[in-house]
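Undergrad: Before I ask anything, let me first share the structure, which is written out below as structure tokens.
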Amino acid sequence: MKNLLHCERFKKLRSLHFVIAILFIATLYVTLCNLFFAQGTLLHVSDYTVSLLGKYLCYALLALAVDLVWGYCGILSLGHGAFFALGGYAMGMYLMRQIGDRGVYGNPELPDFMVFLNWSELPWYWAGSDNVMLMILLVFAGPGLLAYIFGSMAFRSRVSGVYLSIMTQAMTYALLLSFFRNEMGFGGNNGLTDFKEIFGFSLQSPETKLALFIATAVALAFGYAVSHFIVNSKMGRVVTAIRDAEDRVRFVGYKPEHYKVWIFVVSAMLAGLAGALYVPQVGIINPGEFSPLNSIEMVIWVAIGGRGTLYGAIIGAVVVSYAKTRFTAIMPEAWLFALGGLFVLVTLLLPKGLAGLLASLMDKLSPPAPENRSPTPAVTSTPAAESK
Amino acid sequence: MIVDKHGSPLSSKASLSPDISHGMILYVEGVSVSFDGFKALNDLNLYIKDGELRCLIGANGAGKTTLMDVITGKTRPDTGKVNFGQQIDLLQLDESQIARAGIGRKFQKPTVFEALSVFENIELSLKGDKGIYSALFHKLSGAQKDKIDEVLYTIGLVAERHYPAGRLSHGQKQWLEIGMLLAAEPRLLLVDEPVAGMTAQETERTAELLTSLAGKHSVVVVEHDMAFVRSIARTVTVLHQGSVLAEGTMDEIQANKDVREVYLGEEQA
């Protein structure tokens with residue numbers, strides 16, 4: 001029995017090392033092929049591809065955040081796009097200030113859209129937006145604070161299930177509408193764009209793009225390690241217990257609402273980090289990122305990848321985003337149908353997602369170890385009753 | 001530490017023990033609860049002695065489950081007093097504080113954490129700090145592991161310790177849930193219909209388990225199965241329309257005229 005426990009631990013640890021190793025190798029491969037193989041050769045990875053991959057990795061980090069709350073705690077958030085976008089706006093504000101007097105109107109202090117609106121000075125909440133440390137703080141604090149306020153109110157009044165999902169949709173939709181307004185001071189429907197530099201490096205240069213890609217890979221590895229630590233601690237077990245039987249948890253003496261708020265905030269911060277890395281790589285942040293549709297797509301990534309596994313979320317985000325890139329190039333108008341169809345198919349045929357498929361393939365390939373005979377699956381990684 | 005009326009709620013760390021110097025663990029006095037005009041509990045009085053095993057019986061709608069809800073903080077009564085020991089006013093505490101104060105509750109439908117192993121189910125239920133930061137950095141101590149083993153032995157699930165709880169049989173889930181209560185080292189156990197859906201052997205084992213718990217813990221059992229009640233009960237309380245109709249040994253209860261009329265009459269017909 002002791003062996004078995006060790007074996008479980010070992011498996012979990014191995015999955016952490018495995019994911020980080022794959023991520024490292026992929027990043028190294030892309031980096032080397034981008035730098036050392038000339039354009040036109042077979043192994044060359046173009047700058048465009050590097051940026052595209054960087055974008056996928058941002059999505060993967062975002063999917064990880066969704067899996068943490070949905071897969072493990074059963075909170076189906078349909079508003080995680082809000083946290084992603086807030087992180088993005090925090091970064092966008094900093095990048096706007098980096099433009100300096102190179103904007104269309106050449107105003108050294110004010111971003112173009114403010115000059116256009118005839119504003120004479122920066123609004124108070126733009127104070128310090130040119131400070132890197134403050135920006136980094138805001139990337140985490142903005143989404144975290146929103147999640148804390150929203151979560152405290154919703155979870156304390158014991159809102160759950162579809163009602164909570166609808167409220168998260170309403171939250172991101174409300175933000176969408178308010179960020180559309182010019183008076184908000186975030187560039188209205190054009191959002192923040194025309195960025196020139198980040199930390200003094202040109203955003204147009206291939207080296208900066210590569211560096212941003214590598215930074216995103218590092219952030220994803222960091223996010224994965226943090227999530228891995230959480231779900232394998234006692235915290236992870238309490239949260240899983242809340243997902244399956246919240247009342248029982250309460251009568252055992254825990255306060256489920258505290259745990260839910262906590263994990264919601266951590267997840268929102270990871271989503272904010274993903275947003276902040278996304279913006280310099282795509283060159284724009286606008287209110288469209290708050291669109292409820294985006295948030296639903298994130299949930300689909302996780303469902304397709306396999307919820308409650310962490311690595312499934314990464315696989316789902318990358319695979320679906322890649323499919324989207326290819327598909328929208330061929331038949332843009334059919335993409336949503338394809339996504340919907342994929343979602344239905346996976347739900348019907350692969351209830352545990354691509355990760356479940358992968359796990360069953362691995363089981364078939366590897367001969368059963370003798371001490372692993374006892375009918376004990378990796379308990380904590382089993383998704384809950386599908387009904388949740 | 002005693003919780004005062006208005007203030008300092010129990011922190012997640014604190015667990016206070018009830019003052020039982022008068023020999024009573026639970027006082028329920030003049031409690032009334034109504035839902036939309038329907039009186040679920042009507043001026044109910046109930047006293048449980050420390051270490052006692054008490055059975056609560058009554059027809060459907062007599063108020064048994066509502067009473068459990070009131071004691072565990074799920075439902076707030078309109079009037080009345082509920083004290084744990086002499087000092088702790090349960091009406092000032094919420095569910096998790098009441099649980100940490102030492103009242104464990106088993107639900108009617110067995111409720112365990114299905115995706116976690118039997119071992120982990122017990123681990124989460126152990127008495128101790130239930131706060132977030134301790135959960136993040138928690139490591140099981142040797143004493144805690146021993147306690148889990150002891151509980152697993154008591155409920156007879158030693159061999160199933162690494163099974164996911166969702167794969168246990170119905171009866172095993174009921175025992176696991178009782179085990180989770182035991183791990184919290186409660187003073188008072190409230191057990192709602194422990195043998196519903198059990199086989200005869202399972203019922204017998206459950207009877208043994210519950211009787212062995214009395215003494216160390218006070219146990220209140222709600223049950224419909226009269227044979228089971230007869231096999232474990234020393235004192236039986238009959239509820240009817242939200243108040244206590246009769247109280248005594250099983251023989252006294254069965255001889256009671258009122259009880260025969262309203263409850264046993266229907267049940268044994």
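Undergrad: Which one is farthest from B:Glu160 (Cα to Cα) among residues in segment B:101-118 that are facing another protein chain (nearest Cβ under 7 Å) and small (Gly, Ala, Ser)?
TA: B:Ala115
Undergrad: Here's a follow-up. If A:Ala323 satisfies every condition in (1) touching a helix residue (DSSP H, G or I) at 6+ places or on another chain (Cβ under 7 Å); (2) farther than 17 Å from A:Val19 by Cβ; (3) modelled with pLDDT of 90 or more but one, which is the exception?
TA: (1)
Undergrad: Still on this structure, I have one more. Take A:Val115 and decide whether it is surrounded by 14 or more Cβ atoms within 10 Å (Cβ to Cβ) and farther than 20 Å from A:Val282 by Cβ.
TA: Taking the combined requirement at face value, the residue satisfies it.
Undergrad: Report those helices (runs of 4 or more DSSP H) wholly inside segment A:222-325 carrying at least 2 residues which are within 14 Å of chain B (Cβ to nearest Cβ), surrounded by fewer than 24 Cβ atoms within 10 Å (Cβ to Cβ) and without any contact (Cβ under 8 Å) to a residue 60 or more places away in the chain.
TA: Once the helices (runs of 4 or more DSSP H) in segment A:222-325 are filtered for at least 2 residues that are within 14 Å of chain B (Cβ to nearest Cβ), surrounded by fewer than 24 Cβ atoms within 10 Å (Cβ to Cβ) and without any contact (Cβ under 8 Å) to a residue 60 or more places away in the chain, what remains is A:234-244, A:246-252, A:256-282.
Undergrad: Cβ contacts < 6 Å: first residue closer than 18 Å to A:Phe201 by Cα, restricted to segment A:93-116; second residue among the acidic types (Asp, Glu), any location; separation 6+ or different chain. Result?
TA: What qualifies is A:Arg97/A:Asp130; A:Gln98/A:Glu197; A:Gly103/A:Asp112.
Undergrad: So, one more: Any residue in segment A:48-68 that's in contact (Cβ under 8 Å) with a residue 12 or more places away in the chain: show its pairings with residues that are among the basic types (Lys, Arg) and not in a helix (DSSP H, G or I) at Cβ separation under 8 Å, as long as the two are six or more apart or on different chains.
TA: A:Asp67/A:Arg307
Undergrad: Next question, about the same structure. Against the condition among the hydroxyl-bearing types (Ser, Thr, Tyr), away from chain A (no Cβ under 13 Å) and surrounded by 16 or more Cβ atoms within 10 Å (Cβ to Cβ), how does B:Thr72 come out, does it pass?
TA: So B:Thr72 fails the test.
Undergrad: Applying the selection to segment B:214-237, what residues are closer than 25 Å to B:Phe119 by Cβ and either in contact with a His (Cβ under 8 Å, 6 or more places away or on another chain) or surrounded by 19 or more Cβ atoms within 10 Å (Cβ to Cβ) (or both)?
TA: B:His217, B:Val219
The values are calculated or read from the model by the stated rules, or taken from the named source; none is laboratory data. Source: prediction; values computed, not measured. Don't worry about glycine lacking a Cβ; one is built from the backbone with ideal geometry, like all the others, and counts go over all protein chains shown.
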